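*Asks:* The following block contains the structure, expressed as structure tokens.
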Amino acid sequence: MDAGILYIAIGFALGGILKGATGAGAPIIAIPLMAIFYNVPFAVAIFVVPNIVSNVWQVWTYRAHHLPPAFSLRFSGVGAIGAAIGTMMLVSFPSDTLKLIVAVAVFFYIMFRLLKPDWKLAYEKALLLSAPVGGFAGILQGASGVSAPISITFLNAMRLDRENFMPTISAFFLATGLVQIPMLYNYGFLSWERFWLSCAAMMLMLAFMPVGAFLAKRLSRKIFDRTIMVVLALLGLRLAFEALW
């Protein structure tokens, strides 16, 4: 088996575990791993189907727990516009620059989690910030496939219950993903071969999501978080090294 394909499989398996345990975060594992062996446009294209299918399911499953439309529509709607801008950046920027963007995004996410573990953002302030934050997160999602440093950190800062967090972040990922599909196809990044690879990756990710749910019930959140942070740090270092040297 080609080493790249093996690592793609590992990335989606780990991503499925993370998504099953927390409801989000699969791309921050899978995208950097794929970018190391291929490139960022390839990674973003392969993640399209897993992104759409898994988030449609979560939006529907937690449909009774959505935040008010005033927040959700701003956050996801402007995020979709940002994703269109980010996808255009995906076309324009060289591969090493995109790898560096992903690495910086990963490091920013780790740093914020470590420095501000207890920071809380009141709903009223979050509502005012929902559009600009959604837009910036969408740009990062479109350009690198990884918006967690902005999107997940923002929602985590609101200290949402799991039931509210799940449909909100899933609606954001779904909106940005629906914008990306036609653009990626138009720019030649999403071929039929990559579409079927994306479908296979989706099946693998879905298969490992129950493993994440199982582990989340038996491991302390602190141990789980630290393990993920170590994995992310290693991936970020590898990407930064490849981009700069």
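The values are calculated or read from the model by the stated rules, or taken from the named source; none is laboratory data. Not measured: the values here are computed from a predicted model. Don't worry about glycine lacking a Cβ; one is built from the backbone with ideal geometry, like all the others, and counts go over all protein chains shown. Keep in mind that these areas ignore ligands, DNA and RNA; they rest on the heavy atoms of the full protein, side chains included. Shrake-Rupley method; radii C 1.70, N 1.55, O 1.52, S 1.80 Å.
*Asks:* Share of the chain's accessible area from carbon and sulfur, percent, 1.4 Å?
*Replies:* So the carbon and sulfur contribution to the accessible surface is 71 percent.
*Asks:* Still on this structure, I have one more. Per residue, how many Å² of accessible area does the chain show with a 1.4 Å probe?
*Replies:* 47
*Asks:* With a ≥ b ≥ c taken as the square roots of the eigenvalues of the C-alpha gyration tensor of the stretch 4-122, please select rounded if a/c is under 1.5 and otherwise prolate if a/b is larger than b/c or oblate if it is not?
*Replies:* rounded
*Asks:* Quick one: divide the alpha-carbon radius of gyration of the stretch 157-208 by 2.2 N^0.38 Å and tell me what you get.
*Replies:* 1.48
*Asks:* Can you give the FRET efficiency for ARG226 and SER92, using 1/(1 + (r/R0)^6), R0 = 35 Å, r = Cβ-Cβ distance, to the nearest 0.05?
*Replies:* 0.40
*Asks:* By per-residue mean of other Cβ atoms within 10 Å, what is the highest-first order of 10-18, 197-205, 27-35, 102-110?
*Replies:* Top to bottom by mean Cβ count within 10 Å: 27-35, 10-18, 102-110, 197-205.
*Asks:* Below 17 Å, Cα to Cα, which lysines can LYS222 reach? Residues fewer than 8 away in the same chain don't count.
*Replies:* LYS19, LYS116
*Asks:* Among rounded, prolate and oblate, which fits the stretch 79-144 when a ≥ b ≥ c are the square roots of the eigenvalues of its C-alpha gyration tensor, a/c under 1.5 means rounded, and a/b larger than b/c means prolate?
*Replies:* The shape class here is oblate.
*Asks:* If you don't mind, another one. Calculated from DSSP H runs of 4 or more alone, at -39500 (n - 2.57) each and per residue, what is the 222 nm mean residue ellipticity of the chain, nearest 500?
*Replies:* Mean residue ellipticity at 222 nm (helix-derived): -28000 deg cm²/dmol.
*Asks:* Here's another thing I want to ask about it. Sort the following peptides by mean Cβ neighbour count (other Cβ atoms within 10 Å, averaged over residues), highest first: 168-176, 89-97, 52-60.
*Replies:* With the highest mean Cβ count within 10 Å placed first, the list reads 168-176, 52-60, 89-97.
*Asks:* Another question, if that's okay. Is the shape of the stretch 129-235 rounded, prolate or oblate, going by the alpha carbon gyration tensor and its root eigenvalues a ≥ b ≥ c, with a/c under 1.5 for rounded and a/b larger than b/c for prolate?
*Replies:* In terms of gyration-tensor shape, oblate.
*Asks:* Run the numbers for LEU115 and LEU234: contour at 0.36 nm per residue of separation, minus the present Cα-Cα distance, in nm.
*Replies:* 41.0 nm
*Asks:* Would you be so kind as to identify which of THR168, MET158, ALA216 lies farthest towards the positive end of the dipole of the stretch 151-223, taking Lys and Arg as +1 and Asp and Glu as -1 on Cβ and the Cα centre as origin?
*Replies:* ALA216
*Asks:* Sticking with this one: Could you state the number of Å between the C-alpha centres of the stretch 185-245 and the stretch 19-78?
*Replies:* Each part reduced to its Cα centre gives a spacing of 11 Å.
*Asks:* Also, I was wondering about something else. To the nearest 20 debye, what charge dipole does the chain have about its Cα centre, counting +1 at the Cβ of each Lys and Arg and -1 at the Cβ of each Asp and Glu?
*Replies:* Charge dipole of the chain: 680 debye, to the nearest 20.
*Asks:* Which order do peptides 38-51, 123-136 fall in by mean Cβ count within 10 Å, highest first?
*Replies:* Listed from highest to lowest mean packing, they are 38-51, 123-136.
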